[in-house]
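Everything below concerns the one structure shown next.
Please treat every number below as a calculation from the coordinates, not as lab data. Every value quoted in this text rests on a predicted model; they were computed, and no experiment measured them. Cβ placement follows ideal geometry from the backbone for every residue including glycine, while neighbour counts extend to all protein chains displayed.
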Amino acid sequence: MSEQAATYECPNCGAALTFNAAEQLFTCDFCLSKFTRQQVLSANSEAKLREEEAAEAQFNAQMNEYECKHCGAHVIADTNTVASTCAYCHNPVVLVGRLSGEMKPKKIIPFGYDKAAAKEIFFQFVKKKWFVPKAFFVKEQVEKIAGVYYPFWVTDVNTDSQIKAHGTHIRKWRSGNREYTEVSHYEIYRRGKIHFEDLTTAALSDADKKMLEGILPYPSAALKEFSMPYLSGYTAKKRDIERDDIKAELKGRIDRYSERILRATIMPYSTLDVYGRNSRVLNSHWDYSLLPVWVLTYRDEKKGKTYVYTMNGHTGKVHGELPVSRWKLALFAGAVATVLTGLFTLIGGLFLQ
Ligand SMILES: [Zn+2]
Ligand SMILES: [Zn+2]
């Protein structure tokens, strides 16, 4: 068998290693570490790999995978929980079979609100939104609210970051009929080791990501070691984005955060221009995690649009793009017009007296 580096994890940060033939070293393009073959083998010991494979196999044996033929959603559920309808489009889902691949989560935030509580919060939310069509919150519709665990990568990162900047202080004064301007130039350099804790990235495609943004964050203190009973009665969305696919995006976020943190240590200048930045990942730790979401979708057939209401299953934070009832809005406009007419009459009446 040829030396397949892709199956080896970086001992430093858990990203996949690639073998650099020229240097005869294994390199990690996330944390830029280099390892000899011996170092990689001892970190990815045969026993450890086999243990992880066994844990994966055991998890997969207890999980079924379902597919919605209508919208293409893939969900997983433990074998004691039967998924019958799709949480997104409410059509029947079909059983694909036992789960395969490396899908076992390391961490989980369990649901903190049950279905009754989630429905109550939804009613509270929608009650104040008088323009929402009634069909959105009739009992049978709200009954479709579903508890779904969403897949996330939760990452801790240590960096060595630096920025270079050019700053000026500008002083102006007047003496007699002359104006003087003094410009002082400063070269500024900041460097520091920064620890980022629990950077959360959805392991899903962009549409899902957008939907989740409104209900973030999840407090990392609520993360628990994964165990099967937490899944009981719930489905989990199957991830469609791998760790290696989000590395570049995550690095971009780390670079931006690092720059902001280092920038904040610079005293105010008249002008400041950051012209150099560099952030090196020293090491990182990745936990594949499931986080709880209550989802309620509403399909407006006339407009051909699906509205999605989501609630953070731990904090209760809600987010929803809501349908607007045209006639309710029209009624409101009518009411405003009436009140205005009333006011004019009143004012007119006062003037006439
Ligand atoms: Zn690495
Ligand atoms: Zn569906």
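Brief remarks on what is shown
- The chain - Rg and Dmax from Cα coordinates, angstrom: 28.2, 102
- Segments 243-253, 306-316 sorted - mean Cβ within 10 Å per residue, highest first: 306-316, 243-253
- Out-of-range pairs (alpha-carbon distance over 26 Å; input Lys34/Lys193; Lys224/Lys317; Lys129/Lys210; Lys48/Lys237; Lys106/Lys209): Lys48/Lys237
- DSSP beta bridges in the chain [antiparallel fraction, %, rounded to 5]: 95
- The ranking of Thr27, Thr168 from fewest to most other beta carbons within 10 Å of each one's beta carbon is Thr168, Thr27.
- Modelled FRET efficiency - R0 41 Å, Asn278 with Ala54, Cβ distances, 0.05 increments: 0.50
- Once the Cβ-Cβ distance of Val94 and Glu321 is raised to the sixth power relative to R0 = 30 Å, the FRET efficiency obtained is 0.60.
- Theoretical gain in end-to-end length, Asp244 to Arg191 [0.36 nm per residue, Cα-Cα removed]: 16.3 nm
- The distance from the alpha carbon centre of the stretch 23-43 to that of the stretch 164-226 is 32 Å, rounded to a whole number.
- Backbone HN-Hα couplings from phi across the stretch 25-40 [Karplus 6.51/-1.76/1.60, Hz, Gly and Pro as x]: 10, 8, 10, 10, 7, 8, 9, 6, 7, 10, 9, 7, 4, 4, 5, 5
- Total charge dipole magnitude, the chain, about the Cα centre, Cβ charges on Lys, Arg, Asp, Glu only, Debye to nearest 20: 1660
- Using a Förster distance of 41 Å, the FRET efficiency for Glu301-Ser232 (Cβ separation, nearest 0.05): 0.75
- Simple label model, 7 Å out from Cα along Cβ direction - Thr18 to Ala117, nm: 4.7
- Note on Lys139 and Ile261: the extension gain reaches 39.1 nm, defined as 0.36 nm multiplied by sequence separation minus the Cα-Cα distance.
- Annotation: for a label point projected 7 angstrom from Cα along Cα→Cβ of Ser184, residues of the stretch 264-285 with backbone N closer than 18 Å are 266-273.
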